[in-house]
1. Step by step: first the residues of segment 318-327, then only those that are in contact (Cβ under 8 Å) with a residue 12 or more places away in the chain and open to solvent by 10 Å² or more (accessible area, probe 1.4 Å), then the one that is nearest to PRO75 (Cα to Cα). Which residue is that?
2. Take the residues in segment 90-109 that are acidic (Asp, Glu), closer than 23 Å to GLU51 by Cα and not in a loop (DSSP other than H, G, I, E, B), then tell me which one is farthest from the chain's Cα centre (by Cα).
3. So for segment 185-200 (the condition being at pLDDT below 95 and small (Gly, Ala, Ser)), does at least one residue qualify?
4. Within segment 95-127, track down each residue that is crowded, with 18+ Cβ neighbours inside 10 Å and within 15 Å of GLY24 (Cα to Cα).
5. If a residue counts only when it is open to solvent by less than 10 Å² (accessible area, probe 1.4 Å) and within 21 Å of SER96 (Cβ to Cβ), which strands (runs of 3 or more DSSP E) contained entirely in segment 258-310 have at least 3 such residues?
6. For segment 205-244, name all the residues that are of a type in the set (Val, Ile, Thr), open to solvent by 30 Å² or more (accessible area, probe 1.4 Å) and under 19 Å from ARG181 (Cβ atoms).
7. Regarding segment 328-343, can at least one residue be identified that is among the charged types (D, E, K, R) and open to solvent by less than 50 Å² (accessible area, probe 1.4 Å)?
Amino acid sequence: MDEAASSARPTTQQDLGTVVVGGGLAAAHCVRALRDGGYTKAVTIIATEDEVPYERPPLSKEFLQGSKPAEDLAPFPADWYAENKVVLRLGITAESVDAAAKRVELSDSSSIDYEHLVLATGCRSRLGGRDANMPGWDLPGVHTLRSLEDARGLKDHLVSDKTLVIIGAGWIGMEVGASARAAGLEVTVLTPDEVPLSTAMGTDFGSHVAQLHIANGVQCRFGTKVSGIGQGIEGKLLVQTGTGDIPADLVLLAIGAVPNNELAVAAGLEVGTGVVVDAHLRSSDPSILAMGDIAEAYNTTLGRTMRVEHWDNAIRQGKLAAATILGRDESYDWLPYFFTDQFDLGMEYVGDRQPDDEAVVRGKMASGEFIIFWVREGTITAAMNVNIWDVNDHLRSMIGKAIPVATLQDTGNDLLSL
């Protein structure tokens with residue numbers, strides 16, 4: 001699908017505007033904020049996928065479970081782009097950036113010049129360790145989950161008489177595990193970690209999630225390293241571990257993501273864990289911005305750079321990139337926020353937890369309804385509400401406050417008064 005056949009014509013100086021490379025949530029909100037902010041110059045989105053820009057968190061949850069169809073994933077319909085003169089170049093890849101000429105070369109042999117270039121190229125699935133892809137990653141029946149195409153391919157095989165082995169116990173792995181169990185599959189999760197999500201959330205919450213999955217029939221094999229995937233008999237796959245092979249009809253590789261920094265590197269931009277940008281999302285080339293999963297951005301509230309791969313950040317940074325292009329003095333000053341839904345667990349998190357922060361639980365985790373605060377040197381650094389709703393905004397306001405641990409733990413104290 002290409003909404004801009006005419007855009008291959010030679011570009012004139014009057015045509016110069018903003019080119020956004022990427023078709024995710026950050027791209028959608030960036031161009032929407034540009035038009036809402038009165039931006040009248042040309043706006044073009046270049047996206048490798050042949051899809052109107054869409055959000056990805058539902059792919060591992062509602063989409064796989066059948067409660068949210070593909071057409072509901074787009075924050076803005078295709079008609080909005082046409083009505084607001086935003087050109088969609090879909091199914092086309094940005095292959096290189098000539099920063100000196102301010103030009104992007106495209107896979108259809110055309111090019112497009114820009115005044116501002118916004119990189120929102122997202123991440124791709126990690127296929128193995130640092131030095132090599134996992135043996136067998138490309139066998140039929142082995143899946144990853146980063147795109148709508150990935151999700152469609154996986155969903156087509158989620159039938160109740162199948163067995164699914166998930167390699168990795170991060171957010172995507174655990175969410176897909178819950179979705180697959182809801183579809184009636186036998187699910188096994190393999191991870192070298194002793195507790196799922198421990199790096200992101202610590203052992204308290206990770207242990208709670210593990211117990212939840214086990215109670216719902218997921219086979220969790222912690223402390224298990226996978227060396228590869230082989231082909232078994234009768235169409236089965238064999239997941240190879242140090243304690244023996246595990247047969248599976250389907251395998252999901254969910255061992256992390258790699259930022260798509262290649263365009264930025266080729267353009268000569270400063271790149272660290274992602275594209276290094278300032279608090280306004282400007283890269284080392286002031287005409288090029290980066291946002292979303294690939295942006296290693298300076299957070300003015302926390303006083304350091306960080307790269308965040310979450311839904312809320314994509315929306316906010318999309319709007320911030322637009323504000324920067326519009327000449328507004330706004331900055332990256334918000335705290336990270338994310339959520340998950342697994343079985344009957346719904347969770348929201350806000351803050352900046354560090355591995356050595358003290359976890360303070362308010363309520364009984366066994367009840368399924370509780371709050372965890374993380375505290376460093378007496379000050380709250382992060383908070384998470386589990387199956388307790390309409391409190392996250394208040395929890396956000398508590399970050400940075402010094403409140404005694406005993407006060408936080410005492411459910412007799414009204415939360416909203418703390």
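1. Only one residue tops the list, namely LYS319.
2. Here the residue is GLU105.
3. yes
4. Within segment 95-127, VAL118, LEU119, ALA120, THR121, GLY122, CYS123 qualify.
5. Fully inside segment 258-310 and qualifying: 288-290.
6. Listed by number, the list holds a single entry, ILE214.
7. no
Matching residues to (1) in contact with a His (Cβ under 9 Å, 6 or more places away or on another chain); (2) at pLDDT below 95; (3) farther than 30 Å from GLY184 by Cα:
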{"site": "GLU51", "(1), (2), (3)": "no, no, no"}
{"site": "PRO75", "(1), (2), (3)": "yes, no, yes"}
{"site": "ASN84", "(1), (2), (3)": "no, no, yes"}
{"site": "LEU88", "(1), (2), (3)": "no, no, yes"}
{"site": "ASP98", "(1), (2), (3)": "no, no, yes"}
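The values are calculated or read from the model by the stated rules, or taken from the named source; none is laboratory data. Since the model is a prediction, treat every value here as computed from it, not as a measurement. Counting neighbours? That spans all protein chains shown, and the Cβs are built from the backbone with ideal geometry, glycine included. Side chains included, ligands, DNA and RNA excluded: accessible areas come from the protein's heavy atoms. Shrake-Rupley method; radii C 1.70, N 1.55, O 1.52, S 1.80 Å.
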